[in-house]
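Written below as structure tokens is the structure these notes are about.
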Amino acid sequence: EDSVFVGHLADMSGPTAFVGKNYANGVRDSLAYINAHGGIDGTKLRSETIDYGYKVPQAIAAYKKWKSREGMVAMQGWGTADTEALISFVARDKTPVFSASYSGHLTDPTGKNPHTKKPAPYNFFYGASYSDACRGLVQWASDDWKSKGSKGKPKFTHIGANHPFPNAPKAACAEYAEELGFDVLQPVVVSMKPGDFKAQCLSIKSSGSNYGYVANIGGSVLSLIKSCDTVGVDIQFMSSIWGGDANMFNAAGSGIKDYIFPTMTPFWGDDVPGMKLVHEISKMSDKSGEEQRVHHYMRGVCSTYFMKEAMEWAKKNGGITGENVKKGMYVNKNWVPKGLEGVCLAANWSNEDHRGINQVNIYKGNYENGGVKVEKVSQVTLERRDDWLGY
Amino acid sequence: MSSLSMRPCGDFRTSYKQDNTIFETKTIRWVTIFTIIALCFAPLVVDGYFITLLIQISYLGIAALGLNILVGYTGQISLGHGAFFGFGAFASAWLNTSLHIPVFLCIPLAGFLTMGVGMMFGAPAARIKGLYLAIATLASQFIIEDFFARADWFSGGASGSMAEPVSLFGFAFDTDQSFYYIALFSLVFMFIWGCNLMRSRDGRAFVAVRDHYLSAEIMGVKLNKYRLLSFGISSFYAGIGGALYAHYLGYVSAEGFTIMMSIQFLAMIIIGGLGSIKGTLMGVIFMVFLPEVLESGVGVMKMTDWGNIPMVVDGLAYIKEMAIGLVIIGFLIFEPEGIAHRWTQIKNYWKFYPFAY
Amino acid sequence: MNFELLTQLVINGLIVGLLYGVIGMCFVLVYKSTQIVNFAQGEFLLIGAWVCWASLIYLELPFFLGFILSLVFMAGFGVLLQMVVLRPMIGEPIISVIMVTIGLSIFFQSLMKWIFGVSPQSYPQVFDTQSINILGLNVEMAYLMSTVIALIIMVAFYLFFKHSKHGLAMRATAFDQQASQSLGVSVKHVFAMSWGIAATVSATAGIVLGMVNGVSDSLSIMGIKVFPAVILGGLDSIIGAIVGGLIIGVLENVAEFFDSQYLHIGNMYDIAPFYVLLIILWFKPYGLFGTKDIERI
Amino acid sequence: MTESILKVENVSLAFGGVKALTDVSFEVPRGSVFSIIGPNGAGKTSMLNCISGRYQPNSGNVIFNDKIVTDLRPNDRADLGMGRTFQNLALFGHMSVLDNIMVGRHHLLKNNWLTGPLYWASPAQKEELAHRRYCEEIIDFLEISHIRKSVAGTLSYGLRKRVELARAMALKPKLILLDEPMAGMNLEEKEDMARYILDLNEEFGITVVMIEHDMGVVMDISHQVMVLDFGKKLMSGLPEEVMADPHVKRAYLGIEDDDEIEEEAVKEAS
Amino acid sequence: MSQAAAKIQTATPMLSVNNIEVVYDEVIQVLRGVTLDVPEGDVVTLLGPNGAGKSTTLKAISGLLKSEYGEVTKGDITFMGERIDKKNGEDVVRSGLIQVMEGRRIIEDMTSIENLKLGAYTRNDSQINQDLEMVFNYFPRLKERTGLAGYLSGGEQQMLAIGRALMARPKMICLDEPSMGLSPLLVKEVFGIIKKINQDQGITMLLVEQNANYAIRAADYGYIMESGKIVLDGTQEQLLSNEDVKEFYLGGGNEERKSFKNLKSYKRRKRWL
Ligand SMILES: Nc1ncnc2c1ncn2[C@@H]1O[C@H](COP(=O)(O)OP(=O)(O)OP(=O)(O)O)[C@@H](O)[C@H]1O
Ligand SMILES: Nc1ncnc2c1ncn2[C@@H]1O[C@H](COP(=O)(O)OP(=O)(O)OP(=O)(O)O)[C@@H](O)[C@H]1O
Ligand SMILES: [Mg+2]
Ligand SMILES: [Mg+2]
């Protein structure tokens, strides 16, 4: 094979563009970089990035186009809506999809867990699932509560819109929080769109909640932080993987006080071996090399590189086809793509369990004289509990 | 709004039956039939991508026709069509998974369920008119959307619900190519249904209500019944379209049926032509192909020098979106009455050719 | 019952509601003079907020200068927009014109993203004290500023519609463009004027919101959020828009109160206004203050 | 069965402060042409609206064919056989003339939104065509066959009035209410219209209630005339009697002197 | 004022319509070469059957065709020496020509006074209130009806429409069927007022009418139009004495007035075309 095709669905203009753009750049630059450096052992990666603006029909059309016109072997996807919509198509077409939707049920390739509606054998993602990340945060919160020496049961609140993405970890996380001895309060619904959330903040305040899981992204989170700051809510915010990054911190400014957020990669400036490669990759779209990428970019890179190595295995073992790439994902254990040591966490996929990553790094952001300082506060490794598979 | 009735010379009608046909002329009739037959062979000729687009046109077209019956023919603007479309999708999936009704029955049943819901939310139409009604339907959009996210038993809540493929006599229509026939059949059926509706009693009553509801009532048309019925029929169409969508994807998620979708449906019928059945189809085709065409445009642009200017490369996504906005605006500025109207004018022009009038 | 919380929520509702009222007024203005439901209203807010933000950050103007500059810019923008896009639509079916505003909204939404990016941004600090305490509730200074501005705008609107011939002309144009034209009313000028005013006033609201919540592309959702307010008051009533705004503002907050304290349904804050809207419309089909259509035959 | 097809008993109607009708009673004999005249704003149209159900009188009753119809919706009155035309044209502007007339058949047709769309597979087609045939007869009768397929909104004023009449006739009414059927017509067209009205009265046996300002027409074709003024019934009687009444002459016709009547009447006629 | 009215007609007429053709919707031709002149200070009437194109002619003159997808495709129109066929409706009004449209077209959701004030939209002087009084002088009953104009009766609306046009202080008014729907008394009144306005203020009038009897008597000159063409024209005396006009427009002709009752014939009457 001279070349194979990889489709890339991105949201750079739609409602999730705020983070979608960073992640998409990571994927796009990686694809370009791989090609510029010999491809998959000589096989070039043809690719096309389509900005589907978070519209499902457009995502499907793009998928079909790639499938029928380009003979796509694997796809880098994006959001919850399109990933879910494509599950059965990709399973039927045997096309592995590496999405940025980390919904728990995508980790169940065989449909073992009773919560899983439909097995997702061809879905992969790099990162802890939303549920797992939230579990990690709760675990941290539990330790935090104890270490502060506070008395009584800590109270936990899920804060987010009533939509698939923010709701994804809601039940799972609440269950675990209860297990850890939290008093789980009624979730507070705030819209995905920014607005004045003082009302919700006031009721959070009056409920006396201690830990709030912020499930939304972008402007909505910003509004929430500002509104709660105004009315003086004393709560420990903990965000989802998409809810804390440099862009958000810059916009929120002084509102950021002990803001907890998870990551699955280091930051741009961190001194880890693999960061050199990431900087090189970044130059694919930023020749000056000056741009500081946020950590979503790194996840895009990791997602692409895991795919790359699976393809390399596939090439050696019968050719780069969807099926072989999927098999390639199961070969390595404690797998870190070459050159990205310290950037991508060690991953383990198996054909029964698609929870590639079960580790969450927990950081804290604080506004200090004109900028936000982040520091690592903890690292949580989650058990691979059977009842958590796909949930 | 041509006041002339124009038919080619030599086309004399000798009975009312001939004069009452759906198609203006024999030629048009044969062209239509031929097109449908040709479409039946499409999967043999064109690739999967194209088939997807045709399927998209089918389910969106059915729903859009419903909206046109409501907006174009009855004159009641609805901003909640996307939600009804979604309701049809969930309803069909729900009927199938929880009541185990075969899918091919679920689709029409979902239509009727949606019809019921549509009439429930259309009930204010008996009292509210015009833009007030439009905003009331906006309220139904949000309320139904909220319901999707909340009603776990019905929609699967946040995790969505699965929809089985259509199967008939043991044959599962689970590939694009086979589902295409279901979609095409539904489209043709629903459009013929629509054409016939508009040339029979209740269809005329809709238009009468739109054009002059006061005098319509005095002519014996039950005003409230028809205002409500048109909501019902429009939701019925939306429900069918939604159900097809669900069984095509195999999965329904609460996220897709937003106000943007409702607006997109409106755009389709306005661009195609309000109160025109063939216009509806044209509008849908237009709106489905527009992003695809622009996407290829972006592809072409990347290959030129322009594709290297960072400002442009970064902005391609936005430029594409902007182009969609611009095309809609430009289209309406130059063709405010929709494609169907321009079509008629072109036809008339050729009939009189070479005489200008 | 937690009365303290309830009071705070009601005050908050009134303050936010006033802002809804101001945005609603712009709607009403455009509707009253052109019969157009402006779906690009939210984008007006967005553009205003971004332009002001840019003038503060890039031009480093003092706030009030930047503010005035943005308003002037928006007035020109409104007029220009009207000239280029909406003027050719004069006399076309209303629904096509409404669709054009939807097209505009798509266009400007993307344009703003292109120019200003998709990350939310904050305004530099404008007031020394960001918020002050009213009856136990912290309220942002920006909201108080908007209250004052809103009141001024309202009075101005009232006088304008009641007493100037342009006000008359706007109403006449809305009713029957051809007839107004036959009386020498320049439909174009009327349209330009109303769009200019609407854009300016919306920008004010956008800037206030930007100061409070930060600017981001989804600010434009406000354009849709005020629909219930406008309809509740009656599409063609300025007073109605204000009252409707206040009602919706309070309603959201009270809904949140009952939701969080008793019902635990979630999302009532966003949805309750729509339920109430349906109920009120059932009893008052033209909103609280809207004028009835004339049904003579 | 009584002699009168329509009885109006003590009808009063007020809009806010404006008293459009005050205690008006009259009877319309079956098979007659009954004219209502009166100055502008006298409440003539309001009277027709009360009869056809557009307005609900504040008090009083409307009895049609011995049935009290005061509380019925307009469409129910149409079912009972009441048709009307309007002062300010109220055609369905975007429909063809033929469809406009077919709407008049609405209450007589049986097909609905389920059977109608099945068209060939249901009795709908047969029914539609049968009624179409009836409409064609009306079209022939009113001589509008050349515009059968035109869009009603683009027709000239006079033709639209004629289409309105056709639409009202399609209802197969026993009583037809005409609101200024000859306004805006020239002599020739008025003559045509007068002929149609007489024909539908005499040949189809439809009772006609007509508002008209053209005294020539009123004098010539009506059997009875009622005069309304400021919402009150001034008088009613034979056309000649009414025309001779000094009050009518002054308040309505604007004639001061007895001698002028003849002369003026001639002039008004055109 | 009356001096102005008495001014002798100038060589060039105030309004001249020169061989215009009008097409609706790019395909429907309605006017096929219409030419007519209106001298300053005169009342000119335009008669013709329904659908002849009278209203279309007036709309072409006052620039209102565009909003109905109509267009003057040929010929020109000059008003006081200025081409106006390409002008917008509002500019035509500003140059002093105003139309009272067919069907009154008052703004129903404004009060009568507001409607009248709207008529004065193009003016900037301070005499508006004075002119309101003038209108109320002509139409006393308008003064009593202070509610929304939509609830006025047909006749009242017609008066309001004429009064509204007067408020613009035009040099010329085009009236489209002003007597439609008016009671005999009012028809008389309205024509009286038209004549009076013409004489008092010297306002030139172009009068489209169905009521030929009154119209010709009120006019100095008349045109008759059929199927988009002018088929006959003449002075008041000429028209009044023309046999065809007498028979088809005035009724009567030489014989007695026909009664409407006895019209049983289906004969197609003579046309000029
Ligand atoms: N819906 C309404 N609301 C308020 N006032 C009304 C309404 N309908 C009619 N009127 C008033 O009632 C009075 C009678 O009106 P109507 O239309 O019946 O008069 P008419 O006799 O038909 O006059 P015309 O000959 O001018 O048509 C008028 O003063 C009118 O303003
Ligand atoms: N907007 C339009 N679109 C298409 N055709 C039109 C339009 N307006 C008028 N017409 C056609 O133009 C012709 C002349 O219409 P016009 O209204 O000028 O007649 P008119 O002489 O004023 O008649 P009437 O005495 O009935 O008012 C008619 O045949 C009519 O059908
Ligand atoms: Mg009347
Ligand atoms: Mg006319």
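Any read-out appearing in this document is the output of simple, stated calculations on the displayed coordinates, not a laboratory observation. None of these values were measured; they are calculated from a predicted model. Glycine also receives a Cβ, built like all others from the backbone with ideal geometry; neighbour counts cover every protein chain displayed.
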- Query: Using only Cα atoms, what Kirkwood radius does chain C have, in angstroms?
  - Reply: 19.8
- Message: I want to check the label-to-label distance for residue B:301 and residue A:323. Put each point 7 Å from Cα in the C-beta direction and report it in nm to one decimal.
- Response: 4.1
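About its Cα centre, what dipole magnitude does the stretch D:1-71 give when the only charges are +1 on Lys and Arg Cβ and -1 on Asp and Glu Cβ, stated in debye to the nearest 20?
On the way: 6 positive and 6 negative charges, 45 e Å.
Dipole of the stretch D:1-71, to the nearest 20 debye: 220 debye.
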- Query: Which three lengths, in whole Å and largest first, does the stretch D:11-155 cover when its Cα atoms are put on their principal axes?
  - Reply: 54, 32, 32
- Task: Once you have a ≥ b ≥ c as the square roots of the Cα gyration tensor eigenvalues for the stretch C:214-297, tell me rounded if a/c is under 1.5, and otherwise prolate or oblate according to whether a/b is larger than b/c.
- Result: oblate
- Task: Please give the direction-averaged projected area of the C-alpha convex hull for the stretch C:82-159, in square nanometres with one decimal.
- Result: 9.3
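Report the antiparallel proportion of the DSSP beta bridges in the stretch A:105-250 as a percent, rounded to a multiple of 5.
On the way: 0 of 12 bridges.
Beta bridges within the stretch A:105-250, antiparallel portion: roughly 0 percent.
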- Task: May I have the pair-distance distribution P(r) for chain D, computed from all Cα-Cα distances with 10 Å bins from 0 and rounded to whole percent?
- Result: 7, 28, 34, 22, 7, 2, 0, 0
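Only four residue types carry charge here, +1 at the Cβ of Lys and Arg and -1 at the Cβ of Asp and Glu. Report the dipole size of the protein assembly as shown about the Cα centre in Debye, rounded to the nearest 20. Mind showing how you got there, number by number?
Details: 140 positive and 154 negative charges, 408 e Å.
In total the dipole reaches around 1960 debye.
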- Of E:47, C:80, how do they rank once you tally other Cβ atoms within 10 Å and put the fewest first? C:80, E:47
- Note on the structure: Using alpha-carbon positions, the gyration tensor of the stretch D:93-171 gives root eigenvalues a ≥ b ≥ c; with a/c under 1.5 called rounded, otherwise prolate if a/b exceeds b/c, else oblate, the class is prolate
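Calculate the all-directions average of the projected area of the stretch B:23-257's alpha-carbon convex hull, and give it in nm². Spell out each step's value before the answer.
Values: hull surface 54.7 nm².
Quarter of the Cα hull surface area: 13.7 nm².
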- At a Cα cut-off below 13 Å, give the aspartates and glutamates reachable from residue E:195, other chains included and same-chain residues fewer than 8 away excluded. E:42, E:220
- Local charge sum around residue A:161 (other residues, Cβ-Cβ under 10 Å, Lys/Arg +1, Asp/Glu -1)? 0
- Note on the structure: Expressed as a whole number, the average count of other chain Cβ atoms within 10 Å around the Cβ atoms of D:211-222 is 4
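Neighbouring Cβ atoms within 10 Å as the yardstick, rank C:154, B:120, E:172 fewest first.
Values: C:154 18, B:120 14, E:172 24.
The fewest-first ordering by Cβ neighbours comes to B:120, C:154, E:172.
Counting pairs of alpha carbon atoms under 8 Å apart in space and at least six apart in sequence, what relative contact order in percent does the stretch D:1-127 give? Let's see the in-between values first.
Details: 150 pairs, mean separation 25.5, N = 127.
Contact order relative to length: 20 percent.
If the limit is 22 Å between Cα atoms, which of E:196/E:246; C:32/C:284; B:129/E:66 go over it?
Values: E:196/E:246 26 Å; C:32/C:284 19 Å; B:129/E:66 29 Å.
Among E:196/E:246; C:32/C:284; B:129/E:66, the Cα-Cα distance tops 22 Å for E:196/E:246; B:129/E:66.
Quick one: of A:44/A:316; C:162/E:86; A:170/C:225; E:86/E:229; C:292/D:149; A:117/A:205, which pairs are farther than 25 Å apart, Cα to Cα? Write down the numbers at each step before the final one.
Details: A:44/A:316 15 Å; C:162/E:86 34 Å; A:170/C:225 27 Å; E:86/E:229 21 Å; C:292/D:149 35 Å; A:117/A:205 37 Å.
Over 25 Å Cα-Cα: C:162/E:86; A:170/C:225; C:292/D:149; A:117/A:205.
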- Message: Taking the Cα centre as origin and putting +1 on Lys and Arg beta-carbons and -1 on Asp and Glu beta-carbons, what dipole magnitude results for chain D, to the nearest 20 debye?
- Response: 1840
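Take the Cα radius of gyration of chain A and divide it by 2.2 N^0.38 Å, with N its residue count; two decimals is plenty.
0.96
Can you figure out the FRET efficiency of residue E:196 with residue D:133, using R₀ = 56 Å and their beta-carbon distance, to the nearest 0.05? If you can, show how the numbers build up before the last one.
Values: r = 55 Å, r/R0 = 0.98.
E(calc), rounded to 0.05, equals 0.55.
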- Query: So which aspartates and glutamates can residue E:143 reach, going by Cα to Cα under 20 Å and dropping same-chain residues fewer than 8 places off?
  - Reply: D:229, E:108, E:109, E:114, E:131, E:133, E:156, E:189
- Message: At q = 0.14 Å⁻¹, what log₁₀ I(q)/I(0) does chain E have when each alpha carbon counts as one equal point scatterer in the Debye sum?
- Response: -1.03
- Item | Local electrostatic count, residue A:88, Cβ distance below 14 Å [Lys/Arg +1, Asp/Glu -1] | 0
- Rank A:202, A:142, A:187 by how far each Cα sits towards the positive end of the charge dipole of the stretch A:139-213 (+1 on Lys, Arg Cβ; -1 on Asp, Glu Cβ) and give me just the farthest. A:202
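Can you tell me how the stretch A:236-391 classifies by the Cα gyration tensor, rounded, prolate or oblate, using a/c under 1.5 as the rounded cut? Walk me through the numbers before you get to the answer.
Details: a/c = 2.75, a/b = 1.49, b/c = 1.84.
The shape class here is oblate.
Please report the net charge: other residues with Cβ closer than 15 Å to the Cβ of residue D:67, K and R +1, D and E -1.
Numbers: positive: D:7, D:30, D:73, D:77, D:174; negative: D:9, D:27, D:66, D:71, D:76, D:79.
Summing Lys and Arg as +1 and Asp and Glu as -1 gives -1.
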- Message: Explain nothing, just compute: Karplus ³J(HN,Hα) = 6.51 cos²θ - 1.76 cosθ + 1.60, θ = phi - 60°, for every residue of the stretch C:277-292 in order, whole Hz, x for Gly and Pro.
- Response: 4, 4, 5, 5, 4, 4, 8, 10, x, 10, x, 7, 10, x, 7, 5
- Could you check what % of the DSSP bridge pairs in chain E are antiparallel, to the nearest 5? 60
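Residue by residue through A:224-230, how many Cβ atoms from other chains fall within 10 Å of the Cβ on average?
Values: counts 1, 2, 7, 5, 0, 3, 9.
Mean partner-chain Cβ count within 10 Å for A:224-230: 4.
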- Item | Relative contact order (%) - chain A, alpha-carbon pairs under 8 angstrom, separation at least six | 19
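In deg cm²/dmol and to the nearest 500, what is the mean residue ellipticity at 222 nm of chain D if only DSSP H runs of at least 4 residues count, each as -39500 (n - 2.57), divided by the residue total? Don't skip to the end; give the middle numbers.
Working: 10 runs with 99 residues, N = 270.
Helix contribution divided over all residues of chain D: -10500 deg cm²/dmol.
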- Farthest towards the positive end of the dipole of the stretch D:1-138, among D:92, D:122, D:60 and with Cβ unit charges of +1 on Lys and Arg and -1 on Asp and Glu, lies the Cα of D:92
- Message: For peptide D:122-134, what's the mean number of Cβ atoms from other chains within 10 Å of each residue's Cβ?
- Response: 3
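Tell me the mean residue ellipticity at 222 nm calculated for chain E from its helices only (DSSP H runs of n ≥ 4, each -39500 (n - 2.57), averaged over every residue, nearest 500). Walk me through the numbers before you get to the answer.
Details: 10 runs with 87 residues, N = 273.
Computed mean residue ellipticity for chain E: -9000 deg cm²/dmol.
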- Task: Note down the nm distance, to one decimal, between modelled labels 7 Å out along Cα→Cβ at residue B:44 and at residue A:290.
- Result: 6.2
- So for the pair residue C:58, residue C:263, with labels modelled 7 Å out along Cα→Cβ, what separation do we get in nm? 4.5
- Note on the structure: Fewest to most Cβ atoms within 10 Å: B:23, D:92, C:289 sort as B:23, C:289, D:92
- Taking the Cα centre of each part, how many Å lie between the stretch D:237-253 and the stretch B:141-207? 68
- Would you mind telling me the antiparallel percentage of the DSSP bridges in the protein assembly as shown, rounded to 5? 55
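Based on the Cα atoms of the protein assembly as shown, what semi-axes does the equivalent ellipsoid have, where each is the square root of 5 times one gyration tensor eigenvalue, given in whole Å with the largest first? Don't skip to the end; give the middle numbers.
Details: eigenvalues 907, 250, 185 Å².
The answer is 67, 35, 30 Å, longest axis first.
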- Message: For chain D, what does the relative contact order come out to in percent, with C-alpha contacts under 8 Å and a separation of six or more?
- Response: 26
- Task: Would you compute, from DSSP H runs of 4+ residues alone, the mean residue ellipticity of chain A at 222 nm, taking -39500 (n - 2.57) per run and dividing by the full residue count, rounded to the nearest 500?
- Result: -11500 deg cm²/dmol
